[in-house]
1. What tally of residues in segment 158-187 results from selecting those that are touching a residue at least 12 places away in the same chain (Cβ under 8 Å), open to solvent by less than 30 Å² (accessible area, probe 1.4 Å) and closer than 15 Å to residue 55 by Cβ?
2. Please go through segment 135-154 and pick out each residue that is modelled with pLDDT of 95 or more and either open to solvent by less than 60 Å² (accessible area, probe 1.4 Å) or part of a loop (DSSP other than H, G, I, E, B) (or both).
3. Identify the residue in segment 1-28 that is of a type in the set (Val, Ile, Thr) and within 26 Å of the chain's Cα centre (by Cα) and, among all such residues, is most open to solvent (accessible area, probe 1.4 Å).
4. Could you name every one of the strands (runs of 3 or more DSSP E) located completely within segment 49-119 that has at least 1 residues being open to solvent by 20 Å² or more (accessible area, probe 1.4 Å)?
5. What number of residues within segment 190-211 satisfy the criterion of being part of a helix (DSSP H, G or I) and without any contact (Cβ under 8 Å) to a residue 12 or more places away in the chain?
6. If I filter segment 168-184 for residues that are charged (D, E, K, R), out of contact with any Phe, Trp or Tyr (no Cβ under 8 Å at 6 or more places or on another chain) and modelled with pLDDT of 95 or more, do I get at least one hit?
Amino acid sequence: MQDPVIHDIPEEWPVSATETPFTGKVTGVRSDVVVMPDGTTARRDYQTHPGSVAVVALDDDGKVLVLRQYRHPVRQLLWEVPAGLLDVPGEHPLHAAQRELYEEAHVKAADWRVLVDIYSTPGGSNEAIRIFLARELADAEGERFAVSAEEAEFEYARVPLDELVRGVIAGELHNSCLAVGVLALRAVLNGDGVDALRPADAPWPARPFSG
């Protein structure tokens, strides 16, 4: 048997009926009747999502900028990396990531690379996330961005990469972008290095962008 080529490919099975039972401010719920290859049908309910970006910001001391935020659905304070929604249609994901790093941490970065692209929960949501690596960090100019609600309670830290990796493996850190981001960065640093990463404007078929 020939070994399969291990990469994801586009595929779309026919949908015989669809409805949107809920539409929120940013996300919604869609219900599709999907035609299976054998001709049978199955209903699939999932969250519709504009997509997200996240930033693993690595400073010159090998520490990663993290923040702790209350997440009501899981009733926990989670350590996370800066992240946010792609809620402007067609927005360049790099511009969104730069904005989130500024708004959430009042930090800018001179060097940006694509670290990894993921789907957060492909069985229940169409959310696509692009995680960037940002380096050569500096404080942003001007006044800090005004925050409210959960963001007003942020706690910040800069943590050695290996400590975050250990926390993920130990089951102490659970945020998906943080976990995927720091594990990917450790693999990159142990492998071909940062210069092998895709450029910050690399194509992203899951969320095409302009500009």
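The values are calculated or read from the model by the stated rules, or taken from the named source; none is laboratory data. In this text, all values refer to a predicted model and were calculated from it rather than measured experimentally. Reconstructed Cβ throughout: ideal geometry from the backbone, glycine too, with neighbour counts over all protein chains shown. We work out accessible area using only protein heavy atoms, side chains counted, and drop any ligands, DNA or RNA first. Shrake-Rupley method; radii C 1.70, N 1.55, O 1.52, S 1.80 Å.
1. Matching residues across segment 158-187 total 10.
2. 137, 138
3. Looking at residues that are of a type in the set (Val, Ile, Thr) and within 26 Å of the chain's Cα centre (by Cα), I get 6.
4. Values: elements: 52-57, 63-71, 76-80, 83-85, 107-119.
Ranges flagged: 63-71, 76-80, 83-85, 107-119.
5. Result for segment 190-211: 3.
6. Yes - at least one qualifying residue is present in segment 168-184.
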